[in-house]
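First comes the structure, then the notes that go with it.
Values quoted throughout were computed directly from the atomic coordinates according to the rules given, and no laboratory measurement underlies them. It should be emphasised that the depicted structure is a prediction, and the values quoted were computed from it without experimental measurement. All Cβ positions, even for glycine, are placed from backbone atoms using ideal geometry, and neighbour counts span all protein chains on display.
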């Protein structure tokens, strides 16, 4: 299942021309001593009350999707090292605008993020890490723990539980998404692979589409995949509309 999701993410990255496709395919390429998480992955609804959070200005994580990351700051190297000693869980959150003034400290972040588990890791000779994080579940930040150099937060999980009736509506929305993707993609682009589920297509586009970070945050904060799919359609239709 993990390899299928990586392949699906690779299709999305290739289709959209997102930089870093090779990195996404092999986060440990060019290094030695890598390892993979062979243990059973935690259930999405089982999230520790306190997790490390990794704030970035334009990179986000969505449920079930793989996200390659290059960890180079000393405080976040320590975060990865500590995570590898435990449950391998890291939460990703988006920095709020204006973060530059206090980047080295603890600038404000949006309260809704997505937790992921490290499934592959490589420690490079200079101490940096190349990791592959797989999205588990959305969470809400309740408060922060300032006991470490990196950021820790008390969180509550926000599992997305689609209703049975959502399936039919989501399939219809997928058809519309594919039409919009075809219209905006280079000639000869491959259609979505048949093994790509509706949920992974929606979350993959939400994670990798080149859109404004605030729009991406809005997609993450949607109540579920169905509303996220509709929000994506609205974004793509707005892009496709002729300017007056």
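So the values come out like this:
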| read-out | value |
| --- | --- |
| Theoretical gain in end-to-end length, residue 214 to residue 145 [0.36 nm per residue, Cα-Cα removed] | 22.3 nm |
| Residue 184/residue 56 FRET efficiency (R0 41 Å; Cβ-Cβ; nearest 0.05) | 0.95 |
| Sorted by Cβ density within 10 Å, fewest first, the residues 234, 87, 198 | 234, 87, 198 |
| Prolate/oblate/rounded call for segment 127-244, Cα gyration tensor, a/c under 1.5 rounded | prolate |
| Between segment 44-118 and segment 129-207, the alpha-carbon center distance in angstrom | 16 Å |
| Ordering of 209-215, 187-193, 131-137 by packing [mean C-beta count within 10 Å, highest first] | 131-137, 209-215, 187-193 |
| Taking 119, 168, 182 and counting other C-beta atoms within 10 Å, the order from fewest to most | 168, 182, 119 |
